[in-house]
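To start, the structure under review is shown below, and the notes come after it.
Readers should treat all values here as calculations from the given coordinates under stated rules, not as data from a laboratory. Computed from a predicted structure; not experimentally measured. Positions of Cβ are generated from backbone atoms using ideal geometry, with glycine treated the same way; all protein chains shown enter the neighbour counts.
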Amino acid sequence: MKSEIKVFSGNGNPRLARAICDYLRVPLGDWKLSRFLDGEVYCQILENVRGTDVFVIQPTCHPVNENLMELLIAVDALKRSSAARITAVIPYYGYARQDRKDKPRVPISAKLVADLLTAAGVDRLLAMDLHAPAIQGFFNAPVDHLFAAPVLLDWVERQRFPELTIVSPDAGGVERARAFAKKLEAGLVIIDKRRVDMNVAETMNVIGEVSGKSCVIVDDIVDTAGTLVGTVKALKAEGASRVFGCFSHAVLSGPAMQRLQESEIEHVVVTDTVALPNDKASHPKITVLSVASLLGEAIARIHSNSSVSSLFV
């Protein structure tokens, strides 16, 4: 007998969770997820989940530690309630940028978080645009890695930019930018960037021709927008006619909004993997596209044991 599917949402991005449930045509699971007065997380499942296929939607975005702890405790509650399988749906995987030892005596926090999720009882992970694909190997459980590219590519195609060129803001993002350029039959430009400290980057050189081109910067995360602003300046200095940005995860912390406002970038397109407050989501320079149908289809295929990778063929 096939197990029933149930979808629950933490407080990280309930709007996205509701949209996913609308796509799946299933109700959002009923639980009590709250705080004690001292800040401890409390979770109680308010419906029967014994023998069910459970999906918990919780991006570990700001506040990162609060959302991560919610997810861990919720998974433990589901495991102790005899759920048949627990899949953590993490549209934005926090701590992903700490995926290696790039300095002496630093942690590999992305691996630590993977271990915590496994210890809590996660049987499977569904994530979108991990900062480094190698993070999949940090889990001993199966990982389904989705890409926001189909949603972002559709937006770029509809704009019909003349002389389109895709820009990778650093060497690490070349593979992603090359995939975009190939799909759009566009040129490819790489920015030679040197990072001098956390959240501080110095843009060095533009590798490729951008004079008179419509440039679209492609990356997985826009955080403080320091790299983005530096990239825009470098492209404009080399004669780019128009500059846009496409990002999977709109972290937009610290001075990001002010930097975007003051930058020469025309528009930034992001997805709703991270829940943006209304003042940011409605900013005239920002367009938010939904990945609910993409995540919903992946959840449906995981539940039915169908192919997920065929979504991106």
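Structure values in brief
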{"quantity": "Convex hull (Cα only) mean projected area of the stretch 101-185, reported in nm² to one decimal", "calculated": "7.3 nm²"}
{"quantity": "Dimensionless Rg over Rh [the stretch 48-178; C-alpha; Kirkwood]", "calculated": "1.06"}
{"quantity": "Where N is the number of residues in the stretch 247-309, Cα Rg divided by 2.2 N^0.38 Å", "calculated": "1.44"}
{"quantity": "All lysines inside 20 Å of Lys6 as judged from Cα atoms, apart from same-chain residues fewer than 8 positions distant", "calculated": "Lys32, Lys79"}
{"quantity": "18 Å tail of the calculated P(r), the stretch 1-114, as % of Cα pairs", "calculated": "53 percent"}
{"quantity": "Candidate aspartates and glutamates for bridging to Lys111, where Cα separation is under 20 Å - those fewer than 8 sequence places away on the same chain excluded", "calculated": "Glu66, Glu70, Asp76, Asp99, Asp102, Asp123, Asp129, Asp144, Asp220"}
{"quantity": "Semi-axis lengths, Å, the stretch 19-85, gyration tensor of Cα atoms, sqrt of 5 times eigenvalues", "calculated": "21, 16, 11"}
{"quantity": "Extension reserve of the Val106-Ser211 stretch, reckoned as 0.36 nm per residue once the Cα distance is removed", "calculated": "33.7 nm"}
{"quantity": "Candidate aspartates and glutamates for bridging to Lys236, where Cα separation is under 20 Å - those fewer than 8 sequence places away on the same chain excluded", "calculated": "Glu163, Asp170, Asp192, Glu202, Glu209, Asp219, Glu262, Glu264, Glu266"}
{"quantity": "Reciprocal mean inverse distance between Cα atoms of the stretch 131-230 - Kirkwood radius, Å", "calculated": "14.8 Å"}
{"quantity": "Percent of alpha-carbon pairs separated by more than 26 Å within the stretch 204-313", "calculated": "31 percent"}
{"quantity": "Average silhouette area of the stretch 221-267, convex hull of alpha-carbon atoms, in square nanometres", "calculated": "2.9 nm²"}
{"quantity": "Value at 222 nm in deg cm²/dmol, rounded to 500, when DSSP H runs of n ≥ 4 in the chain each add -39,500 (n - 2.57)", "calculated": "-9000 deg cm²/dmol"}
{"quantity": "Per-bin percent of Cα-Cα distances, the stretch 74-128 [5 Å]", "calculated": "4, 19, 24, 21, 14, 9, 6, 2, 1"}
{"quantity": "Charge sum, other residues only, whose C-beta stays under 13 Å from Thr118's C-beta, Lys/Arg counted +1 and Asp/Glu -1", "calculated": "0"}
{"quantity": "Distance between the stretch 145-160 and the stretch 258-313 - C-alpha centres, whole angstrom", "calculated": "10 Å"}
{"quantity": "Cα-derived Rg over Rh, computed across the stretch 147-287 with Rh taken as Kirkwood radius", "calculated": "0.92"}
{"quantity": "Nonlocal amide H pairs with Ile217, under 5 Å, H built at 1.01 Å", "calculated": "Val167, Phe244, Gly245, Cys246"}
{"quantity": "Of every Cα-Cα pair in the chain, the percent that sits beyond 30 Å", "calculated": "35 percent"}
